[in-house]
């Protein structure tokens, strides 16, 4: 999708998300959902694409200034939430990059495979529900009062459908 079309989509509607005084408007098709935890700043449902059995979900977390761990440990934890397809390593299905949004350092993870879903991911006593064919985009947004953590996860086809809009939204924080 061309950048102009993505920017038009963002400006056409959706919710305004503000992080440390920086704001960006989500694409109109993202549905803001009720926040279910005090550690969640915002959460959205991204409706499934044709053929997928589930919607994708975007959650923005904040654990207080300096809370939640560093980018490297979060990337490692997010990667551990996936099993790669047979014959591949987790590194082969993972892409990590860093860039800046304004003055904010962003660490961006893109991983796909079988998602090991847990209601509370850090609880080792829980058994994970395996969800094959999933994709996650995880972001550590290191703003002055941060870090903030964004996790877009769902069926691979649905996440792929929304990736361009997500990327444009992320880069539009001003």
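Filtering the range 149-164 to residues that are surrounded by fewer than 22 Cβ atoms within 10 Å (Cβ to Cβ) and either in contact (Cβ under 8 Å) with a residue 60 or more places away in the chain or within 24 Å of residue 41 (Cβ to Cβ) (or both) leaves 151, 157, 161, 163, 164. Among the residues of the range 42-67, those identified as crowded, with 17+ Cβ neighbours inside 10 Å and closer than 16 Å to residue 169 by Cβ are 42, 43, 44, 46, 56, 58, 59, 60.
Residue pairs whose Cβ atoms lie under 6 Å apart, sitting 6 or more positions apart in sequence or on different chains, and linking a residue in the range 1-28 that is within 13 Å of residue 168 (Cα to Cα) to a partner that is modelled with pLDDT under 50, are 25/10; 27/9; 27/10. I want to confirm something. Restricting to the range 28-40 and keeping residues that are touching a strand residue (DSSP E or B) at 6+ places or on another chain (Cβ under 9 Å) and in a loop (DSSP other than H, G, I, E, B), which single residue is surrounded by the most Cβ atoms within 10 Å (Cβ to Cβ)? Step by step, filter the range 28-40, then rank; the result is 30. Cβ-Cβ distance below 6 Å, separation of 6 or more or different chains: which pairs start in the range 99-117 with a residue that is on the phi > 0 side of the Ramachandran plot and buried (at least 20 other Cβ atoms within 10 Å of the Cβ) and end on one that is part of a strand (DSSP E or B) and at pLDDT 95 or above? If the second residue must be part of a strand (DSSP E or B) and at pLDDT 95 or above, the pairs left are 113/82; 113/83.
The values are calculated or read from the model by the stated rules, or taken from the named source; none is laboratory data. In this text, all values refer to a predicted model and were calculated from it rather than measured experimentally. As a convention, Cβ positions derive from the backbone with ideal geometry for all residues, glycine included, and neighbour counts pool all protein chains shown.
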